[in-house]
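Scroll down for the structure; my scribbles are underneath it.
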There are 2 protein chains.
Amino acid sequence: MKKKILISDIAKQLNVSITTVSFILNGKAKEKRISDELTARVLKFVEEVGFKPNQLAQSLRTGKTKTIGLMVEDISNPFFASIARLIEERAYKEGYKIIYCSTEDDTAKTQELISMFRDMHVDGYIITPPEGVKEDLKKLISDGFPVVLVDRQIRGVDTHSVVVDNYSGTYSATSHLIRQGYKNIAFITIDSKQSQMVQRLEGYTKAIEENQLNTNILEVLYHQSASQMIQHIASFLGERKEIDAVLFATNYIAVRGLEAINQLDLISLAPNFGVVSYDDHDVFTLVRPTITAVAQPTEAIANHVIDIMLNLLNIRTKSTQAETLVLPTRLITRSSTPLKKVVQ
Amino acid sequence: MKKKILISDIAKQLNVSITTVSFILNGKAKEKRISDELTARVLKFVEEVGFKPNQLAQSLRTGKTKTIGLMVEDISNPFFASIARLIEERAYKEGYKIIYCSTEDDTAKTQELISMFRDMHVDGYIITPPEGVKEDLKKLISDGFPVVLVDRQIRGVDTHSVVVDNYSGTYSATSHLIRQGYKNIAFITIDSKQSQMVQRLEGYTKAIEENQLNTNILEVLYHQSASQMIQHIASFLGERKEIDAVLFATNYIAVRGLEAINQLDLISLAPNFGVVSYDDHDVFTLVRPTITAVAQPTEAIANHVIDIMLNLLNIRTKSTQAETLVLPTRLITRSSTPLKKVVQ
DNA sequence: GTGAAAGCGCTAACAC
DNA sequence: GTGTTAGCGCTTTCAC
């Protein structure tokens with residue numbers, strides 16, 4: 001197989017024209033009224049010699065690469081990894097390849113990636129956008145590319161998006177903590193104005209206020225090292241001994257927060273220290289106590305995203321109404337949020 | 001930017017020929033003795049209008065896609081994720097794109113991926129091969145593609161590879177446990193004949209034998225669910241109360257093994273139960289006790305791999321001698337391997 | 001039903 | 001030093 005076989009070789013071997021072979025290969029045999037006999041003969045031969053059309057030539061000619069660009073915040077985060085896997089699987093079944101990358105929530109990197117994807121001629125874009133890429137997205141859309149936003153939205157960008165009900169997620173997590181008897185619940189989040197983070201904060205705040213409790217909010221920086229974040233959380237928690245529970249706004253903050261809690265020996269010192277994380281994570285069942293979490297429906301998210309994308313890709317009409325799909329979260333209660341014993 | 005600008009547009013605008021523009025764009029201005037003045041003028045214009053050559057056309061013409069296919073066992077495993085990231089970063093700086101995929105250590109999937117990469121016309125292949133792909137790799141190599149194997153080798157495949165000294169890794173981990181006073185050390189690994197797994201087993205066995213101890217080996221199945229694996233490990237450990245330490249052959253076995261150990265309450269029941277994992281993992285500093293691990297030099301691995309690949313890609317000579325690079329591991333001692341107290 | 005031929009956008013051998 | 005032109009391998013219009 002050193003020597004690449006071409007469509008012209010097929011045609012020559014079979015004594016038919018290139019056109020005929022191409023039509024058959026592209027499933028247009030019926031449409032072009034090519035005899036079943038010939039169709040079968042060509043297909044059989046193609047199969048035998050293992051001919052595969054050159055994708056580059058095909059793409060250059062048709063303008064389609066059958067490739068979808070997928071940009072998530074961080075592919076090493078189990079939440080995004082899981083979504084990416086599911087999307088890839090579905091896409092693959094439909095004959096699409098997925099190229100994925102992590103934005104690291106960095107505006108410049110994301111812009112570069114978008115530009116790289118354009119250069120690669122991807123047919124569609126699935127993105128968890130960081131802040132500051134509004135104009136880039138609008139450009140993509142106005143240039144006619146299918147764009148589906150995941151996990152978060154950008155105000156003013158008119159395109160499809162699939163998100164979860166962040167507000168209810170943190171609202172119910174906070175309510176759960178309150179019901180379990182915790183009174184001083186901290187919310188540890190990141191310094192981000194992204195829609196999903198804002199909504200998570202709102203859900204927490206609402207639940208706290210409804211119960212006439214006080215909010216305790218810490219915003220750590222996204223772009224800082226793990227150890228810095230741990231330190232930051234540890235000093236916050238260390239200074240406020242009155243805090244008896246904490247809700248982490250993402251799983252990676254929680255993982256680092258747990259490290260801080262370990263360092264402070266918070267749980268062993270106060271056996272009734274409550275912990276909840278937004279986003280589930282494998283390690284939450286590994287550590288003791290196991291950690292209560294707000295699970296996001298990764299499968300549903302992935303399925304909806306790819307459905308919408310495939311639809312956009314196949315439909316001629318440019319003008320599908322942009323719609324936002326909001327999926328529910330689910331609180332998984334584990335041992336980190338026990339009923340708080342009242343100490344006299 | 002709705003309308004794509006072409007190289008012919010540039011030529012027309014500037015009143016020069018397409019060739020000239022192409023030469024300048026490809027850095028052959030000097031070589032073709034094009035005036036500095038013209039070169040500068042073209043470059044300036046190209047910059048201004050934001051012209052980017054169509055990669056598809058370029059690739060079709062040159063036969064090069066400036067893309068490297070990277071297939072790791074499991075991109076969600078921190079070890080592979082970290083290597084992939086580092087490779088991607090370096091490759092990107094050299095003007096190469098990386099397409100990555102997980103083989104899941106599945107022969108058929110890997111073959112499909114290799115075929116997909118061929119279809120995509122990647123310029124080179126970086127692979128952590130599962131069993132059973134020997135012929136596919138040989139084919140790739142004999143067809144002239146640069147192939148670099150990582151983490152494991154395949155006997156009889158004559159190509160470059162970067163691996164670590166697995167034997168010494170488990171040997172020193174086992175020796176460490178013995179030195180700490182453990183007498184019944186189990187080795188929990190997977191049912192794989194891959195080079196790296198075989199070597200890890202050998203290192204363990206050697207250390208055990210040198211000390212006239214008994215081996216306790218459990219092979220779990222790679223392709224089974226997490227809970228099945230946990231169950232499997234738990235029943236093994238539960239049945240053999242004499243085991244006082246365990247060395248896990250990979251980080252994901254260790255993570256599941258820890259779950260099993262938790263279920264059995266092994267560490268709290270026997271405070272001197274020793275645990276070591278081959279491969280480090282973030283959670284090993286999160287759980288209590290923190291887990292001693294054999295760390296692999298991911299950075300060095302990634303750097304060597306990409307160095308070799310770039311070299312292969314740039315050098316004309318097909319006949320670079322295939323060589324295997326063996327990197328050392330490092331034992332990170334944490335609290336899961338305390339000096340064993342002798343109980344009278 | 002089938003074939004000839006015009007590109008898709010670029011590179012580079014060859015001519016001048 | 002610069003321009004003409006023949007492809008890279010495929011799809012698809014148009015003619016027969």
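The values are calculated or read from the model by the stated rules, or taken from the named source; none is laboratory data. What you are looking at is a predicted structure, and each value in this text was computed from that prediction instead of being measured. No Cβ is skipped: glycine too gets one built from the backbone with ideal geometry, and neighbour counts run over all protein chains shown.
Summary of computed values
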| read-out | value |
| --- | --- |
| Some residue of region A:154-163 being out of contact with any strand residue (DSSP E or B) (no Cβ under 6 Å at 6 or more places or on another chain), more than 17 Å from A:Ala84 (Cβ to Cβ) and within 14 Å of chain B (Cβ to nearest Cβ) | no |
| Check on B:Val148, of a type in the set (Val, Ile, Thr), crowded, with 17+ Cβ neighbours inside 10 Å, assigned by the TED database to the domain that holds B:Ser115 and out of contact with any Leu (no Cβ under 7 Å at 6 or more places or on another chain) | yes |
| Test: B:Glu47 is away from DNA strand D (no atom under 16 Å from the Cβ) and assigned by the TED database to the domain that holds B:Gly27 | yes |
| Test: residue in region B:185-203 that is among the basic types (Lys, Arg) and in contact with a strand residue (DSSP E or B) (Cβ under 8 Å, 6 or more places away or on another chain) | yes |
| Selected residue (criterion: surrounded by the fewest Cβ atoms within 10 Å (Cβ to Cβ)) from residues of region B:25-41 that are hydrophobic (A, V, I, L, M, F, W, C) and more than 9 Å from DNA strand D (Cβ to nearest atom) | B:Ala40 |
| Any helices (runs of 4 or more DSSP H) falling wholly within region B:25-129 and containing at least 1 residues that are under 28 Å from A:Ala81 (Cβ atoms), within 14 Å of chain A (Cβ to nearest Cβ) and more than 16 Å from DNA strand C (Cβ to nearest atom) | B:78-93, B:107-119 |
| Conditions (1) modelled with pLDDT under 95; (2) in contact with a helix residue (DSSP H, G or I) (Cβ under 7 Å, 6 or more places away or on another chain); (3) within 14 Å of chain B (Cβ to nearest Cβ); number of the one not met by A:Ile141 | (2) |
| Residue ID - nearest to DNA strand C (Cβ to nearest atom), chosen from residues in region A:1-24 that are outside any helix (DSSP H, G or I) and not hydroxyl-bearing (Ser, Thr, Tyr) | A:Val16 |
| Positions within region A:85-97 being free of Cβ contacts under 8 Å to residues at least 24 places away in the same chain and buried (at least 21 other Cβ atoms within 10 Å of the Cβ), in sequence order | A:Glu88 |
| Where a residue in region B:1-15 is among the charged types (D, E, K, R) and its partner, wherever it lies, is at pLDDT 90 or above, with Cβ under 7 Å and at least six apart | B:Lys2/A:Asp143 |
| Enumeration of residues in region A:167-226 that are touching a Leu at 6+ places or on another chain (Cβ under 8 Å) and among the polar types (S, T, N, Q) | A:Thr170, A:Ser172, A:Thr174, A:Gln180, A:Asn184, A:Thr189 |
| Qualifying positions in region A:1-24 - loosely packed, with under 12 Cβ neighbours inside 10 Å and either more than 11 Å from DNA strand D (Cβ to nearest atom) or away from chain B (no Cβ under 14 Å) (or both) | A:Met1, A:Lys2, A:Ser8, A:Asn15 |
| Residue check for A:Arg90: assigned by the TED database to the domain that holds A:Val305 and in contact with a strand residue (DSSP E or B) (Cβ under 9 Å, 6 or more places away or on another chain) | no |
| Out of A:Asp105, A:Asp123, sole residue that is at positive phi and among the charged types (D, E, K, R) | A:Asp105 |
| Residues within region A:55-87 that are in contact with a strand residue (DSSP E or B) (Cβ under 6 Å, 6 or more places away or on another chain) and aromatic (Phe, Trp, Tyr), tallied | 1 |
| Residue match in region B:56-70 (condition: farther than 30 Å from B:Ile18 by Cα, at pLDDT 95 or above and either in the same structural domain as B:Val305 (by the TED database) or surrounded by 21 or more Cβ atoms within 10 Å (Cβ to Cβ) (or both)) | yes |
| One residue from A:Glu88, A:Glu94 being of a type outside the set (A, V, I, L, M, F, W, C), in contact with a helix residue (DSSP H, G or I) (Cβ under 7 Å, 6 or more places away or on another chain) and under 23 Å from B:Leu56 (Cβ atoms) | A:Glu94 |
| Helices (runs of 4 or more DSSP H) contained in region A:203-298 and holding at least 1 residues in contact (Cβ under 8 Å) with a residue 24 or more places away in the chain and over 29 Å from B:Ile261 (Cα atoms) | A:226-239 |
| Positions within region B:185-204 being within 22 Å of the chain's Cα centre (by Cα) and of a type in the set (Gly, Ala, Ser), in sequence order | B:Ser192, B:Ser195, B:Gly203 |
| So B:Leu258, is it buried (at least 21 other Cβ atoms within 10 Å of the Cβ) and within 14 Å of chain A (Cβ to nearest Cβ) | yes |
| Selection count where residues are surrounded by fewer than 20 Cβ atoms within 10 Å (Cβ to Cβ) and assigned to a loop (DSSP other than H, G, I, E, B), scope region B:193-202 | 1 |
| Matching residues, region A:93-109, being more than 18 Å from B:Tyr92 (Cα to Cα) and in contact with a strand residue (DSSP E or B) (Cβ under 6 Å, 6 or more places away or on another chain) | A:Tyr96, A:Lys97, A:Ile98 |
| Selection within region B:130-184 - under 21 Å from the mean Cα position of the chain (by Cα), among the hydroxyl-bearing types (Ser, Thr, Tyr) and not in a loop (DSSP other than H, G, I, E, B) | B:Ser161, B:Tyr167, B:Ser168, B:Thr170 |
